[in-house]
1. Take residue 257 and decide whether it is part of a helix (DSSP H, G or I) and at pLDDT 95 or above.
2. From 43, 3, grab the single residue that is touching a residue at least 40 places away in the same chain (Cβ under 8 Å) and of a type in the set (Lys, Arg).
3. Does region 183-197 contain at least one residue that is modelled with pLDDT of 85 or more, of a type in the set (A, V, I, L, M), assigned to a helix (DSSP H, G or I) and under 19 Å from residue 18 (Cα atoms)?
4. Considering 231, 208, which residue is more than 27 Å from residue 312 (Cα to Cα), surrounded by fewer than 18 Cβ atoms within 10 Å (Cβ to Cβ) and either under 16 Å from the mean Cα position of the chain (by Cα) or free of Cβ contacts under 8 Å to residues at least 40 places away in the same chain (or both)?
5. Among what's in region 100-113 and is open to solvent by 40 Å² or more (accessible area, probe 1.4 Å) and touching a residue at least 24 places away in the same chain (Cβ under 8 Å), pick the residue that is farthest from residue 65 (Cα to Cα).
6. Only residues that are under 24 Å from residue 11 (Cα atoms) and among the small types (Gly, Ala, Ser): list them for region 35-82, please.
7. Name the single residue, out of those in region 245-254 being open to solvent by 10 Å² or more (accessible area, probe 1.4 Å) and not in a helix (DSSP H, G or I), that is nearest to residue 61 (Cα to Cα).
8. Give the residues of region 52-99 that are assigned to a loop (DSSP other than H, G, I, E, B), under 15 Å from the mean Cα position of the chain (by Cα), buried (at least 20 other Cβ atoms within 10 Å of the Cβ) and not aliphatic (A, V, I, L, M), sorted by residue number.
Amino acid sequence: MGRVILALLPGLAAYAWAFGPAVLIQVGLAVVVAVTAEAVLLRVRGRPLKPFLSDLSAVLTALLLALAIPPLVPWWLTVVGVLFAIIIAKHLYGGLGYNPFNPAMVGFVVLLISFPVEMTRWPAALGLAGTAPDLAEAARWIFTGVLPTGQDIDALSGATPLDSIKTGLAQGSDYATLAASQVFGQLGGAGWEWVQAGFLAGGLYLLATRTIAWQIPAGLLAGLLLPALIAWLVAPGSQPLPWFHLVNGATVLGAFFIATDPVTASTTPRGRLLFGAGIGLLTWVIRTFGGYPDAIAFAVLLMNMAAPLLDQVTRPRAFGEEAPE
């Protein structure tokens with residue numbers, strides 16, 4: 001858990017640099033609420049505090065959830081999401097090791113479905129939004145709902161690149177025209193490409209230290225890239241370039257940090273590969289035909305349900321075991 005948290009820091013730093021320090025406030029708030037809720041639930045269940053708090057699982061859940069929500073959402077929304085993740089998605093099932101669904105993604109989906117307006121206020125990159133709120137101004141907005149005179153939350157936020165492309169294509173615009181907008185950088189959304197680079201660096205560190213296995217990230221990226229490539233070859237004007245799916249949204253964060261959760265993912269080598277590929281394919285299907293621009297959370301939760309079956313059908317045969325006739 002500690003190595004995963006450490007690997008998230010480059011992406012978090014890039015996030016704060018590209019979109020302002022509000023994300024740091026959300027991370028701090030989420031961690032405090034998660035650790036407090038974890039301690040209270042452990043005490044209620046009669047479990048010792050030190051071994052369960054020191055495993056850092058609650059901190060990691062809070063960090064992932066804080067990175068998944070818009071950084072300028074009100075404080076109560078972060079609290080609701082974290083409490084749902086820790087209490088309902090984790091401890092209601094028996095605590096760490098017994099939860100069938102990724103707690104951070106459960107909390108995120110609950111917020112997305114329950115508070116859709118607040119969850120669409122994503123920040124624009126600093127160069128596009130004028131002057132972003134500094135740390136004190138962001139804290140004032142998050143906790144009191146008050147911005148400095150002359151600033152408006154709608155001016156500081158905007159649609160994500162995935163949302164812009166999805167909406168524009170649905171209205172009949174050409175992909176090349178949409179991609180020429182100033183909200184897009186060299187590879188992906190302005191600012192977001194640096195965040196993805198930070199998460200990619202952390203993900204490669206996890207692979208190098210063997211903290212995670214390669215099958216899930218590889219399967220997810222391939223499962224997303226291949227159908228996107230086929231769709232683009234068939235209809236290049238009405239489909240994003242394949243790499244657009246990879247460098248926008250929560251693709252990199254999901255591939256290396258969310259889908260690789262050892263508790264809720266498949267555990268066999270072939271199962272991990274299929275698990276990741278399923279997430280990638282579902283992400284492309286929902287992004288292309290569904291109502292949500294990004295779909296990592298939904299795809300992860302759907303494949304969490306399939307993980308036990310994947311483990312069963314891909315279980316390696318023990319040495320000496322005879323093949324069924």
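1. So residue 257 passes the test.
2. The match here is 3.
3. yes
4. Values: 231 fails: either under 16 Å from the mean Cα position of the chain (by Cα) or free of Cβ contacts under 8 Å to residues at least 40 places away in the same chain (or both).
Of the residues listed, the single one that is more than 27 Å from residue 312 (Cα to Cα), surrounded by fewer than 18 Cβ atoms within 10 Å (Cβ to Cβ) and either under 16 Å from the mean Cα position of the chain (by Cα) or free of Cβ contacts under 8 Å to residues at least 40 places away in the same chain (or both) is 208.
5. Among residues in region 100-113 that are open to solvent by 40 Å² or more (accessible area, probe 1.4 Å) and touching a residue at least 24 places away in the same chain (Cβ under 8 Å), the one farthest from residue 65 (Cα to Cα) is 100.
6. Within region 35-82, 54, 57, 58, 62, 66, 68, 81 meet the criteria.
7. Across region 245-254, the extreme among qualifying residues is 250.
8. So in region 52-99, the residues assigned to a loop (DSSP other than H, G, I, E, B) come out as 54-56, 69-74, 89-90, 94-99.
Next, only the ones that are under 15 Å from the mean Cα position of the chain (by Cα) stay: 69-71.
Imposing the further condition that a residue be buried (at least 20 other Cβ atoms within 10 Å of the Cβ) reduces the set to 69, 71.
Of everything in region 52-99, just one residue is assigned to a loop (DSSP other than H, G, I, E, B), under 15 Å from the mean Cα position of the chain (by Cα), buried (at least 20 other Cβ atoms within 10 Å of the Cβ) and not aliphatic (A, V, I, L, M), namely 71.
The values are calculated or read from the model by the stated rules, or taken from the named source; none is laboratory data. On a predicted model such as this, the values are computed, not experimentally measured, just so you know. No Cβ is skipped: glycine too gets one built from the backbone with ideal geometry, and neighbour counts run over all protein chains shown. Remember, those area values only see protein heavy atoms, side chains included, never the ligands or the DNA or RNA. Shrake-Rupley method; radii C 1.70, N 1.55, O 1.52, S 1.80 Å.
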